[in-house]
Amino acid sequence: MRETLASLGTVVVAYSGGVDSSLVLRVAHEVLGARALGVIGRSDSYAARELELALEQAAAFGARVEVVTTGELADPNFRSNPTQRCYHCKSELYRQLATVAGRVGARAILDGTIADDLADFRPGRRAADEKGVRSPLAELGFTKADVRAAAAHLGLAAHDKPASPCLASRIPYGVEITRENLSMVERGEALLRSLGFTEMRLRHHGDTARIEVPLAEIARLTERATRARVVEGLKALGYRYVTLDLEGFRSGSLNPGPGPNP
């Protein structure tokens, strides 16, 4: 990977603070120094906590990072929340990154896609292909286990960080994405996190909040005091009903697939 990045010269890295893009930026910074620039797309669907953690981590290893504001909510193709939502979001992000790359003279735009992602439902990959974005981790066959091991070896804070896709992924396809429902999801997940649940999702179904936690943590969530705090907190955010998904936490549970959509 070091050899691959060294051959690229100046690069722009689509950086979110997740473990995959963190590893790309960390190694790019090590190999290229100031010629590696991380760029974060700030939007309503990117949780404020994620931005804070990403900036803190990059500062810890000395990488340059620039924050650009993306306006996908202004795009009706994104806001209407079709199954190709991620394509429209990533198209806007990569448009912004291309502008930055042109300004700094970068020869390549890189993202954190890994080999595992290539078999998953990832509409954003089409946008990456259209914009010529390179994915060095996927190109070199890195799996999630490989990435976490390398990130731990390099001392990255994100090495064991649970995946945290954009807030829009909590809203079922076909339901309009608004600042209001994104904010409800963000604040609801912050409540769950404050209670010690690190791997979880709050799925937004109108006036119903559907909570996913790992099966091993369902009992803790249903303890009387914890349950009461969750119900009270989520109802204060505007939810009328608070439900617990008995299948447990599943990444991508709203993605299209065989059978009825959960």
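Quick grid of which residues meet (1) within 23 Å of Ala158 (Cβ to Cβ); (2) surrounded by fewer than 21 Cβ atoms within 10 Å (Cβ to Cβ); (3) not charged (D, E, K, R):
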position: Gly9; (1), (2), (3): no, yes, yes
position: Glu30; (1), (2), (3): yes, yes, no
position: Ile40; (1), (2), (3): yes, no, yes
position: Thr83; (1), (2), (3): no, yes, yes
position: Tyr94; (1), (2), (3): yes, no, yes
Quiz prompt | Leading residue by the ranking (surrounded by the fewest Cβ atoms within 10 Å (Cβ to Cβ)) among those in the stretch 212-239 that are touching a Ser or Thr at 6+ places or on another chain (Cβ under 7 Å) and of a type outside the set (Asp, Glu) | solution = Arg220
Quiz item: Any chance the stretch 48-62 includes a residue that's in a loop (DSSP other than H, G, I, E, B) and either of a type outside the set (Lys, Arg) or modelled with pLDDT under 95 (or both)?
Solution: yes
Exercise. Only residues that are of a type outside the set (Lys, Arg), open to solvent by 10 Å² or more (accessible area, probe 1.4 Å) and part of a helix (DSSP H, G or I): list them for the stretch 167-188, please.
Key: Ser169, Glu180, Asn181, Ser183, Met184, Glu186
Quiz item: Among the listed residues Ala6, Ala63, Ala14, Ala54, which satisfies the condition of being touching an Asp or Glu at 6+ places or on another chain (Cβ under 6 Å), touching a residue at least 12 places away in the same chain (Cβ under 8 Å) and closer than 20 Å to Ile109 by Cβ?
Solution: Ala14
Practice problem: For Glu66, work out the one condition from (1) more than 20 Å from Ile171 (Cα to Cα); (2) charged (D, E, K, R); (3) in contact with a strand residue (DSSP E or B) (Cβ under 9 Å, 6 or more places away or on another chain); (4) assigned to a helix (DSSP H, G or I) it doesn't fulfil. | Solution: (4)
Quiz prompt | the stretch 212-225 residues that are touching a residue at least 40 places away in the same chain (Cβ under 8 Å), paired with ones that are open to solvent by less than 30 Å² (accessible area, probe 1.4 Å) and part of a loop (DSSP other than H, G, I, E, B) (beta carbon under 7 Å, 6 or more apart) | solution = Glu212/Met200; Glu212/Asp245; Glu212/Gly248; Glu212/Ser253
Self-check item: Number of the exception - Ala150 against (1) in contact (Cβ under 8 Å) with a residue 60 or more places away in the chain; (2) crowded, with 20+ Cβ neighbours inside 10 Å; (3) among the aliphatic types (A, V, I, L, M)
Solution: (2)
Quiz item: Among the listed residues Tyr87, Tyr94, which satisfies the condition of being in a helix (DSSP H, G or I) and within 19 Å of Gly38 (Cα to Cα)?
Solution: Tyr94
Quiz item: Counting just the residues of the stretch 240-256 that are among the hydroxyl-bearing types (Ser, Thr, Tyr) and open to solvent by 20 Å² or more (accessible area, probe 1.4 Å), which one comes out farthest from Leu191 (Cα to Cα)?
Solution: Ser251
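The values are calculated or read from the model by the stated rules, or taken from the named source; none is laboratory data. Because the structure is a prediction, the values reported are computed rather than measured. Every residue, glycine as well, gets a Cβ built from its backbone with ideal geometry; the counts of neighbours run over all protein chains shown. These accessible areas exclude ligands, DNA and RNA; they are computed on the full protein's heavy atoms, side chains included. Shrake-Rupley method; radii C 1.70, N 1.55, O 1.52, S 1.80 Å.
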